[in-house]
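Read through the structure below, which is laid out as structure tokens, and then see the notes.
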Amino acid sequence: RGPAGCGRRLLPPWRAEGEKVLLSRAESLVGIDLDFGSLKDNVTADLKVMSPIGALPFRDASFDVVTANMVVEHLEDPASSFAEVARVLKPGGLFLFHTPNAKAFPTSVARLVPEAVKAPMARILDGRQSEDVFQTYYRCNTAEDVHRAAQAAGLVPVEVSFVSSTALFSIVPPLAFVELLWLRAIQSDSRRQLRSNMIAVLRK
């Protein structure tokens with residue numbers, strides 16, 4: 001299994017038990033990231049490799065599963081990255097990723113925020129340090145984009161689903177109230193494509 005953009009750990013600390021279950025199912029876990037600090041601090045990968053996703057230093061058909069959690073939005077060239085993932089996957093292997101939905105309200109707002117402002121906002125709203133805030137492009141963040149990128153890379157979409165994350169503005173009461181009303185409004189199946197995040201499963 002190979003997490004792309006592995007960061008400091010496979011899952012956030014509050015998912016520690018779930019992380020243990022996942023790790024127990026993998027024969028080995030290879031973490032890939034371009035950020036040296038994240039790789040150095042990573043506590044879950046058996047092997048850590050500093051590499052861009054678009055030029056992976058692995059042989060063809062090396063992995064059963066490749067995952068990417070909140071990484072696809074940072075890809076400047078999703079087409080080449082998806083092609084590389086397809087190359088290193090074994091036949092029948094899966095590419096599973098979780099990323100913001102570009103059609104959702106939070107992402108639409110985030111795309112209007114200047115890059116210089118994003119780090120302070122992420123620290124206030126999400127508790128992230130500035131070194132954990134990276135440039136975003138949102139070039140493969142709709143279901144249509146995912147299907148196009150998958151097809152070009154020779155991957156078959158198994159499922160693209162939409163999920164709601166926790167309230168982004170929970171510490172800003174006026175905005176939190178509006179956001180909670182919005183989250184409630186998009187729970188119906190007819191509005192699922194407006195939910196904040198996408199989870200995609202692609203098969204080679």
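The values are calculated or read from the model by the stated rules, or taken from the named source; none is laboratory data. Note that the coordinates shown come from a computational prediction; the quantities given were computed from them, not determined experimentally. No Cβ is skipped: glycine too gets one built from the backbone with ideal geometry, and neighbour counts run over all protein chains shown. Just the protein is used for accessible areas: all its heavy atoms, side chains included, with ligands, DNA and RNA removed. Shrake-Rupley method; radii C 1.70, N 1.55, O 1.52, S 1.80 Å.
Would you confirm whether any residue within the stretch 42-53 is among the acidic types (Asp, Glu), touching a residue at least 60 places away in the same chain (Cβ under 8 Å) and over 21 Å from residue 203 (Cα atoms)? Before you say what the answer is, go through the steps one by one.
Of all residues in the stretch 42-53, those among the acidic types (Asp, Glu) come to 46.
Still in the running and touching a residue at least 60 places away in the same chain (Cβ under 8 Å): none.
No, that holds for no residue.
Of all the residues in the stretch 91-133, those that are among the aliphatic types (A, V, I, L, M), modelled with pLDDT of 95 or more and over 22 Å from residue 10 (Cα atoms) number 0.
Looking at 31, 7, 37, 93, can you tell me which residue is over 24 Å from residue 162 (Cα atoms), small (Gly, Ala, Ser) and in contact (Cβ under 8 Å) with a residue 60 or more places away in the chain? If you could, list the steps in order and put the result at the bottom.
On the way: 31 fails: in contact (Cβ under 8 Å) with a residue 60 or more places away in the chain; 7 fails: over 24 Å from residue 162 (Cα atoms); 93 fails: over 24 Å from residue 162 (Cα atoms).
Every option except 37 fails the conditions.
Within the stretch 181-198, if we keep just the residues that are surrounded by 14 or more Cβ atoms within 10 Å (Cβ to Cβ) and of a type in the set (A, V, I, L, M, F, W, C), the residue that is nearest to residue 64 (Cα to Cα) turns out to be 198.
Counting only strands (runs of 3 or more DSSP E) wholly contained in the stretch 1-90, the ones carrying 1 or more residues that are of a type outside the set (A, V, I, L, M, F, W, C), open to solvent by 30 Å² or more (accessible area, probe 1.4 Å) and at pLDDT 90 or above occupy 47-50, 63-69.
Among the residues of the stretch 84-99, those identified as among the hydrophobic types (A, V, I, L, M, F, W, C) and over 14 Å from residue 32 (Cβ atoms) are 86, 94, 96.
Residues in the stretch 135-146 that are surrounded by fewer than 22 Cβ atoms within 10 Å (Cβ to Cβ) and under 16 Å from the mean Cα position of the chain (by Cα): 135, 136, 137, 138, 139, 142, 143, 145. Taken over the stretch 19-41, the criterion of being within 17 Å of the chain's Cα centre (by Cα) and more than 18 Å from residue 95 (Cβ to Cβ) is satisfied by 19, 34, 35, 38, 39.
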